[in-house]
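Visitor: The following block contains the structure, expressed as structure tokens.
The values are calculated or read from the model by the stated rules, or taken from the named source; none is laboratory data. The shown structure was predicted, so the numbers you read here are calculated from the model rather than taken from an experiment. Cβ placement follows ideal geometry from the backbone for every residue including glycine, while neighbour counts extend to all protein chains displayed.
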Amino acid sequence: MDTNQLEQTLVLIKPDALKNSVTGFILSQLSEYHTGSRFAAAKIVNVNRMLAEEHYSEHKGKAFFEALLDYIMGKAHYPDDNKWKRRVIAIVYLGQNTQKNIRRIAGPTNPHEARDEQPGCLRALGTVVPVFDADGKIIDNRMDNLVHASASSEDAEREIKLWFVPHDIPPLMRAYPTEICQTHYYYKDAEVFETYEPDSSLILAPGDVAWETDLKILQQCIKNEPANGTLNSVVVKYLINKNVQD
Ligand code: ADP
Ligand code: MG
């Protein structure tokens, strides 16, 4: 197999899909038989705010942003008495034209448009929910569209590196360069350290396999140089499922 010909994409089965028990249907629609793509990695994620904000950073500041965070964090579909059910299934698929093929099966972003334009697509099963301000006035909509699928190769690389560490993906299925970490990195209160600080989290240790681009950003942050990406975009994958989220 010439893996250079193959693309990767990130798919998220979102909380509304889990709540409505359509996970099996979605996985069938995205199976190798329909898409020619294979699983490269999969995990159950209790999405924390940092991951939600990084994943949807392009929408920061928009009226629907907070509702979008509540949605992907599972708060919208699983209120406080069912917190433990808040999760997303994150999957990396690998195949030819996988981004285009999976986006086509997912369909248009807005479920109303999905039903009009592409009946039968996954997002045609979704719904649009009004978002209210504190006074009860409708200020925007939340689009509960069941699945996320990377829209381009740039998005796929950014998103896969947000949700997965290299060890989550079998070495022969990894699409992006990795490097062996040579030092310890600890994280606390939006800062990175090379030695342990009380209450900090160990992110990486010598010998760990990391995304090459992540190590570059960590080194830039340590030296207080302008970095190629945010510190949060690096540490977030190491904090996944580490704590119970509110
Ligand atoms: P897609 O998921 O199709 O790639 P985007 O990347 O533009 O779409 O947006 C990410 C998610 O943010 C969408 O799936 C949807 O849930 C939400 N979203 C995007 N645009 C809007 C909007 N105008 N109003 C409400 N929610 C939106
Ligand atoms: Mg998108």
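Visitor: Return the total of residues in the stretch 90-124 being more than 11 Å from ligand 1 (Cβ to nearest atom), farther than 23 Å from I160 by Cβ and among the charged types (D, E, K, R).
Guide: Looking only at that region, the number is 3.
Visitor: Any chance the stretch 62-84 includes a residue that's at positive phi, at pLDDT 95 or above, assigned by TED's automatic domain parsing to the domain that holds E157 and surrounded by fewer than 22 Cβ atoms within 10 Å (Cβ to Cβ)?
Guide: no
Visitor: Take A156 and decide whether it is without any contact (Cβ under 8 Å) to a residue 60 or more places away in the chain and under 23 Å from V47 (Cβ atoms). Quick ask: steps written out before the conclusion?
Guide: On the way: without any contact (Cβ under 8 Å) to a residue 60 or more places away in the chain: no; under 23 Å from V47 (Cβ atoms): yes.
It is false that A156 is without any contact (Cβ under 8 Å) to a residue 60 or more places away in the chain and under 23 Å from V47 (Cβ atoms).
Visitor: Given the options A63, A52, A41, name the one that is in contact with a strand residue (DSSP E or B) (Cβ under 6 Å, 6 or more places away or on another chain), closer than 18 Å to V147 by Cβ and of a type outside the set (D, E).
Guide: A41
Visitor: Considering only residues that are near ligand 1 (Cβ under 10 Å from one of its atoms) and not aliphatic (A, V, I, L, M), look in the stretch 125-141 and name the one that is surrounded by the most Cβ atoms within 10 Å (Cβ to Cβ).
Guide: Here the answer is G126.
Visitor: Here's a follow-up. State whether the residues of the stretch 142-157 include one that is polar (S, T, N, Q), more than 16 Å from ligand 1 (Cβ to nearest atom) and within 16 Å of T213 (Cα to Cα).
Guide: Taking every residue of the stretch 142-157 in turn, none turns out to be polar (S, T, N, Q), more than 16 Å from ligand 1 (Cβ to nearest atom) and within 16 Å of T213 (Cα to Cα).
Visitor: Follow-up question, since we're still on this one. Please go through the stretch 1-48 and pick out each residue that is loosely packed, with under 14 Cβ neighbours inside 10 Å and farther than 22 Å from G126 by Cβ.
Guide: M1, D2, T3, N4, Q5, E32, Y33
Visitor: While we're on this one: Taking the stretch 148-166, which residues are surrounded by 17 or more Cβ atoms within 10 Å (Cβ to Cβ) and within 16 Å of ligand 2 (Cβ to nearest atom)?
Guide: H148, A149, S150, A156, E157, R158, E159, I160, K161, L162, W163, listed by residue number.
Visitor: If I filter the stretch 205-219 for residues that are among the acidic types (D, E) and within 28 Å of R87 (Cβ to Cβ), do I get at least one hit?
Guide: For the stretch 205-219, residues among the acidic types (D, E) and within 28 Å of R87 (Cβ to Cβ): present.
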